[in-house]
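Everything on this sheet refers to the single structure shown next.
The values are calculated or read from the model by the stated rules, or taken from the named source; none is laboratory data. Quick caveat, the model's predicted, so the values are computed rather than measured. Here the Cβ positions follow ideal geometry from the backbone for every residue, glycine too, while neighbour counts run over all protein chains shown.
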Amino acid sequence: MVNELTGNRSPHVDVEWILPWFDKHWKDQSCPICGNHSWQIEDSPYRLDPVRFQKNGMYIISHSTRLVIPVMCETCGYIVMFDAAKTGVLWFESENETDNE
Ligand SMILES: [Zn+2]
């Protein structure tokens, strides 16, 4: 299946680039649950697909897919997500580096 956002290429989060972005935009980097300041950044973005349920129990996946970068608190597991397009820190593997999906 071809991802409509990325073609056949696999997007990855460039952690070296996102850390300065976090320092600029994420003012209070303490976890709202436990107060920890240590976070783990996923190296692959996650894909969010809005789902609309119908009366017959079937559902439709919307075409407005969003890629997000999950960042997890290393102490309690709380996860915060950043819109990948807003951060501008995704890069894409060439096709010969990707796994077959
Ligand atoms: Zn926490």
Report, by residue number, each residue of segment 42-91 that is over 14 Å from the mean Cα position of the chain (by Cα) and either part of a strand (DSSP E or B) or within 16 Å of the ligand (Cβ to nearest atom) (or both).
Val51, Arg52, Phe53, Tyr59, Ile60, Ile61, Cys73, Glu74, Thr75, Cys76, Gly77, Tyr78
Can you tell me which residue is nearest to the ligand (Cβ to nearest atom) among those in segment 9-41 that are of a type in the set (S, T, N, Q) and assigned to a loop (DSSP other than H, G, I, E, B)?
Asn36
Six or more apart or on different chains, Cβ under 7 Å: which pairs go from a residue in segment 11-35 that's of a type in the set (Phe, Trp, Tyr) to one that's outside any loop (DSSP other than H, G, I, E, B)? Could you list them?
Trp21/Thr87
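Would it be correct to say that Ile41 is at pLDDT 85 or above and surrounded by 12 or more Cβ atoms within 10 Å (Cβ to Cβ)?
Working: at pLDDT 85 or above: yes; surrounded by 12 or more Cβ atoms within 10 Å (Cβ to Cβ): yes.
So Ile41 fits the description; yes.
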